[in-house]
Amino acid sequence: MEDQQNTIRYLSDLPIGETAVITKVKGYGAFRKRINEMGFIAGTQVKAIKKAPFPFRDPIEYELMGYRVSLRISEARMIEIVDEDDIVETHAYKGTFLSDEISRIAKEKGKTIQVALVGNPNSGKTTLFNFATGKQERVGNYGGVTVDVKTAHFTQNGYRIDLSDLPGTYSLSEYSPEELFVRKHLTETMPDVVINVVDASNLERNLFLTTQLIDMNIKVVIALNMYDELSKKGDQFDYEYLGKMIGIPIIPTIASKGKGINELIDKVIELYEDKDEFYRHIHINYGEDINREIDRIKVKLKADPALTDQYHSRYLALQWLENDKHFAERITDAKYAFIRGALKETYHSSPQKNKMKGYGLDNVLINKWLGIPLFLIFMWLMFQLTFSLGSYPVEWIESGVNALNVGIKHVMPEGILRDLLTDGIIGGVGSVIVFFPNILILFFCISLMEDTGYMARAAFIMDKMMHKIGLHGKSFIPMLMGFGCNVPAIMATRTLESRKDRLLTQLIIPFMSCSARLPLYVLFIPVFFVRKQGVVLFSIYITGILIAILTALLFNKILFKKQDIPFVMELPPYRWPTLRNISTYTWGKSVQYLQKMGTIILVASILIWALGYFPRETQAGDEASQLEHSYIGRLGHAVEPVIKPLGYDWKVGVSILTGMAAKEVVVSSMGVLYQTGSGDKELSATLRSKLQEAHTFTPLTAYSFMIFILIYFPCVAALAAIYRESGLKWALFSAFYTTACAWLVAFGIYRIGGLFL
């Protein structure tokens, strides 16, 4: 099945005179029905006869079932085929193939179902995706966690299911980037079946998207997710009757526990095989005058069959009408009237239920007096735990790394290979990997805030301040995500409706101190700030936020015109965080961290060691002189005049340059540069003692250096994310601006602080 996915061919690609076998017909509604009735079904042999004369070369004439028919290229692109020779080679058939045998095998090769998960933000799509596929994609109790399409496959009942998790969206009206993304996926990729994930605790709002899927006339199965919450409230919902009314099968699911998912996929297969007896396409009644306009537009659309093959004519007509504000409002009203009417017949609320269940903590956590102080306390606790809890496993890892280093030195003879292993690889990678527990604790705390629903409250709390600096409250969520990693945070700006908000948020996210900077803080703070370590770390993160605020104010004055975007954001109910979600998130981040250890940081450590090891021009034992006159020493001395006003020397300059690739490399560079000749001392203890002994670093220069690393040059991955989202110009601007800003701030700290310390 893997080979098939890599070699999908379409009927439009079939050379003239050659024969193939149809494996699948894509497309929706009337087009698919018409094509099937003409004999284009899985297992049918088809031959390309000829193309229309030059210069058009379209349509193409085909022969099947003893007669000839012409198809436009756009139609032929929706029909998947396989060569008869491929069937023979794949199955190693000996003898002559009978036509029914070819047909049977072709149908088997076509047993792949493309399925898309579509639903409102925070409806549980990614949780369902993870359980169905066994993947570990990030989930959170707030909107905008999924910012791209995630695809995986699994098998069930003899079918391969290719499942795609699309970004959460409230509609398909192209108001925001994720709406456009989802709509393009549905109309261009054309999945065979769409799973519409609906939050059972908020049916009326979630079903609005369902009405748009109905208009598109695509095969849909509703996953009635979080069904346990509906049941706990004592509500009565005849979902089977609603499914019959709207022509869409509905399957209750509890994705967080994996319940109902097998039944859901069974229904997907049944729908794909056209075996569901109640599935049908209904027309929502929009009122006499709108229905009349729809019919009028549909007549005109039929003049362009290539368009109506890809989009249902009724859906196109509605899209046309929604460009008119007068019609758009009435269409929306009609959709909600349809939903309310359907729910009135099928849904009955429990009279005893607490309508605001799950929101009680808002009385405290977003209280007008307590909200901001509590938020600051939570942030401080997160950083304090990062140090206090993380210190114990850090010591264990340090001992293990040190034992490995000492063991290699005792076993291996002196020489370049031993130096590479001990000073290069262990000195570089080992200097970073010891802080692995601190990073896990940080991600655990972030995951806890997201899963409980507090992350959305943080955006609510900060909206007023964000509005003052010209941003939307929702911008605060990507900024908070930036504490974990800047790259997904930059991608998460897709959930912002305004391009100005997206761009401005992308430019200030690099000031959020990501986990890659944490190893440097954990290295420096215990050395130069023995007391109040949590306070110092907290001040660094706050400094990043303050610089981001000042930058936003500056850019709004110079680069962007002020735009007022209404603050509309869902506040999900508080939920108990699940061990599965938190462990999945933490494990995923730990794997990413370890992968970076084995790739970027390993390569950088070896490169830095080699540049510091060669050329060998000094006498043995004079390692300090050797390092200074090495290639890396020369490079450091070249940049030293630029950073000398900040109180830094050439070794610091090297660390700054190498840290442009990834911020963890700053520590691994220091591990290589400062540990030469360390003997058998404890690895991290040696590095810390070397930093203390170095005349470069005092508490003041150490603090200014941490701030410099916080602000300067986003890592290559973050710049690449800005480039993908907004273009090369803004990526280059971000690189230049952040570095200039870092120099100025570090200079100010060093010079002004020097007047008092």
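The residues of region 7-48 that are closer than 23 Å to Glu273 by Cβ, open to solvent by 50 Å² or more (accessible area, probe 1.4 Å) and not basic (Lys, Arg), listed by number, are Ile8, Tyr10, Ala30, Asn36, Glu37, Ile41, Gln45.
Restricting region 9-62 to residues that are part of a loop (DSSP other than H, G, I, E, B) and of a type in the set (Asp, Glu), which is modelled with the lowest pLDDT?
Pass one, region 9-62, residues part of a loop (DSSP other than H, G, I, E, B): 14-18, 26-28, 38-44, 52-59.
Going one step further and asking which of them are of a type in the set (Asp, Glu), we end up with 18, 58.
Numbers: Glu18: 90, Asp58: 83.
If we take residues in region 9-62 being part of a loop (DSSP other than H, G, I, E, B) and of a type in the set (Asp, Glu), then Asp58 is modelled with the lowest pLDDT.
Of all residues in region 587-603, those satisfying the criterion of being hydrophobic (A, V, I, L, M, F, W, C) and modelled with pLDDT under 85 are Trp587, Val591, Leu594, Met597, Ile600, Ile601.
What are the residues in region 160-203 that are polar (S, T, N, Q), farther than 24 Å from Ile246 by Cα and assigned to a helix (DSSP H, G or I), if any? Can you show your working first?
Taking region 160-203 first, the residues polar (S, T, N, Q) are 164, 169, 171, 173, 176, 187, 189, 196, 201-202.
Checking the rest, the ones that are also farther than 24 Å from Ile246 by Cα come to 164, 176, 189.
Thr189, the sole residue that qualifies.
Inside region 704-757, can you point out the residues that are within 24 Å of the chain's Cα centre (by Cα) and not in a helix (DSSP H, G or I)? If the condition is that a residue be within 24 Å of the chain's Cα centre (by Cα) and not in a helix (DSSP H, G or I), then Phe713, Pro714, Cys715, Gly727 are the ones that fit.
Could you grab the pairs with beta carbons closer than 8 Å, sequence gap of 6+ or different chains, first residue in region 732-757 and under 18 Å from Gln506 (Cβ atoms) and modelled with pLDDT of 95 or more, second one open to solvent by 40 Å² or more (accessible area, probe 1.4 Å) and assigned to a helix (DSSP H, G or I)? Cβ pairs passing all conditions: none. For first residues located in region 454-466 and among the aromatic types (Phe, Trp, Tyr), partners that are assigned to a helix (DSSP H, G or I) and open to solvent by 10 Å² or more (accessible area, probe 1.4 Å) and lie 6+ apart or on another chain with Cβ distances below 7 Å form the pairs Tyr454/Leu365. Among the residues of region 358-373, those that are open to solvent by 40 Å² or more (accessible area, probe 1.4 Å), farther than 14 Å from Gly453 by Cβ and part of a helix (DSSP H, G or I) comprise Asn363, Ile372, Pro373. Among the residues making up region 442-462, a single one is open to solvent by 30 Å² or more (accessible area, probe 1.4 Å) and hydroxyl-bearing (Ser, Thr, Tyr): Thr452.
Could you check how many residues of region 307-318 are in a helix (DSSP H, G or I) and open to solvent by 40 Å² or more (accessible area, probe 1.4 Å)?
Residues of region 307-318 in a helix (DSSP H, G or I): 307-310, 313-318.
With open to solvent by 40 Å² or more (accessible area, probe 1.4 Å) added as a condition, the list becomes 307, 310.
Residues meeting the conditions: 2.
Entry remark, region 604-636: residues being loosely packed, with under 14 Cβ neighbours inside 10 Å, among the aliphatic types (A, V, I, L, M) and either modelled with pLDDT of 80 or more or under 22 Å from Gly430 (Cβ atoms) (or both) number 1 in total. The selection criterion, being over 33 Å from the mean Cα position of the chain (by Cα), free of Cβ contacts under 8 Å to residues at least 12 places away in the same chain and under 25 Å from Thr189 (Cα atoms), holds for Lys275. Tell me whether region 389-408 contains one or more residues that are out of contact with any Gly (no Cβ under 7 Å at 6 or more places or on another chain), at pLDDT below 85, farther than 29 Å from Gly453 by Cβ and open to solvent by 70 Å² or more (accessible area, probe 1.4 Å). Looking for residues that are out of contact with any Gly (no Cβ under 7 Å at 6 or more places or on another chain), at pLDDT below 85, farther than 29 Å from Gly453 by Cβ and open to solvent by 70 Å² or more (accessible area, probe 1.4 Å), one finds at least one in region 389-408, hence yes. Looking across region 494-513 at every residue that is surrounded by 24 or more Cβ atoms within 10 Å (Cβ to Cβ) and either of a type in the set (S, T, N, Q) or not in a helix (DSSP H, G or I) (or both), the one that is nearest to the chain's Cα centre (by Cα) is identified as Thr495. For the structure I just gave you, tell me whether Gly415 is without any contact (Cβ under 8 Å) to a residue 24 or more places away in the chain and more than 30 Å from Phe483 (Cβ to Cβ). So Gly415 passes the test. The number of residues in region 324-357 being of a type outside the set (Lys, Arg), under 34 Å from the mean Cα position of the chain (by Cα), modelled with pLDDT under 90 and open to solvent by 80 Å² or more (accessible area, probe 1.4 Å) comes to 2. When you scan region 739-748, do you find a residue that is at negative phi, open to solvent by less than 40 Å² (accessible area, probe 1.4 Å) and touching a Gly at 6+ places or on another chain (Cβ under 9 Å), even just one? Yes, there is a match, as at least one residue in region 739-748 is at negative phi, open to solvent by less than 40 Å² (accessible area, probe 1.4 Å) and touching a Gly at 6+ places or on another chain (Cβ under 9 Å).
The values are calculated or read from the model by the stated rules, or taken from the named source; none is laboratory data. All figures in this text were calculated on a predicted structure; none of them were measured in a lab. Cβ atoms come from the backbone with ideal geometry, glycine included; neighbour counts cover every protein chain shown. Side chains included, ligands, DNA and RNA excluded: accessible areas come from the protein's heavy atoms. Shrake-Rupley method; radii C 1.70, N 1.55, O 1.52, S 1.80 Å.
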